[in-house]
1. For the chain, what does -39500 (n - 2.57) per DSSP helix run (n ≥ 4), summed and divided by total residues, give at 222 nm, in deg cm²/dmol to the nearest 500?
2. When only Cα pairs under 8 Å and 6 or more residues apart are kept, what is the percent relative contact order across the stretch 2-95?
3. If you line up the long axis of helix 59-95 against the longest principal axis of the chain, both from Cα atoms, how many degrees apart are they, to the nearest 10?
4. Relative contact order for the chain using alpha-carbon pairs under 8 Å, separation at least 6, rounded to a whole percent?
5. Which of the following values of Cα Rg over 2.2 N^0.38 Å was calculated from the structure shown: (1) 1.59; (2) 1.24; (3) 0.98?
6. Obtain the nm distance between the two label points defined at residue 25 and residue 263 by a simple spin-label model: each point lies 7 Å from its Cα along the Cα-to-C-beta direction.
7. Going by a ≥ b ≥ c, the root eigenvalues of the Cα gyration tensor, does the stretch 219-287 fall in the rounded group (a/c under 1.5), the prolate group (a/b larger than b/c) or the oblate group?
8. Helix 122-136: angle to the longest alpha-carbon principal axis of the chain, degrees 0 to 90, nearest 10?
């Protein structure tokens, strides 16, 4: 008979709570019900005390019934409370006399003038300019990922586990075994698989991290812009012409540049596009390490292995990719001699650099 008594008590509790909740109109009236129906002195807890009087074979069934009823009561209380709180907040918002976005209170006797409107960070300003240039050249923009898997960062780019380049680019890891991306090239295979068909024209932008010593022209965290072009019959001359067109559009003038061989595992052959240092005009200074030149773009013809990973047959298609450090381009265009200035908190510098 004890289990029947428990069932009756539990049904009564659900019925009583449902009736009371239907009559409540304010959230504060619900809080006492939580203690009354699920607290230490509730009928629910008393029902638990009756379990010891039941035969052993009936105790699991009764215990499950009590737990299910407790969840039902708690859910009913929670749903009603959420509904009433939402209604009360909506009512408060309807009569609120304060604009929380205003830099003053409406009851102030003298309303001050609005502060000066802020400006874009120099890096964001130049990202926008670069994307505009590439868009007019027919490239589709993609935002990069700040953390990614080994496959997209290394394996898909022709860098197996034993490759020496991984020692410099493999930094710390998250609990999910993801690493900060050392280059925007981790997006190359993703973009190929997404766009699927040629001609493929894409520009990728994002923040990357390196194990680098910081100096006037190097940082451990910086921004990159990467281009990707795939079609039939693409040559290295197409690549150099495209880079030249972009660099001159970015600086708005004729740029003295030169090309020299460079090594990157995911291109073959690889080049480095160098621009004459604007600070010393090629004479040599600290910003260019007294060489007279600054490396602007690393580029090359996409390696056949990378094309295959992206779903393109290297016997039919060829392409080129390039990546540039956005921070250095911003330095050159705006006459900034130290890359660390871009990450300072000097508002006067950041607002005047664009």
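Each value in this text was obtained by applying a stated rule to the coordinates, not by laboratory testing. Worth saying up front: this structure is predicted, and the values here are computed from it rather than measured. Using ideal geometry, Cβ is built from the backbone for each residue, glycine included, and neighbour counts are taken over all protein chains shown.
1. The helix-only estimate for the chain comes to -12500 deg cm²/dmol at 222 nm.
2. Working: 61 pairs, mean separation 35.2, N = 94.
In percent, rounded to a whole number, it is 37.
3. Between the helix axis and the principal axis of the chain, the angle is about 60 degrees.
4. Details: 520 pairs, mean separation 50.8, N = 354.
Taking the mean separation of contacting Cα pairs over the length of the chain, I get 14 percent.
5. (1)
6. Taking the two extended label points, one gets 8.1 nm.
7. Values: a/c = 1.83, a/b = 1.49, b/c = 1.23.
Prolate is the answer for the stretch 219-287, as a/c is 1.5 or above and a/b outweighs b/c.
8. That helix lies at roughly 70 degrees to the long axis.
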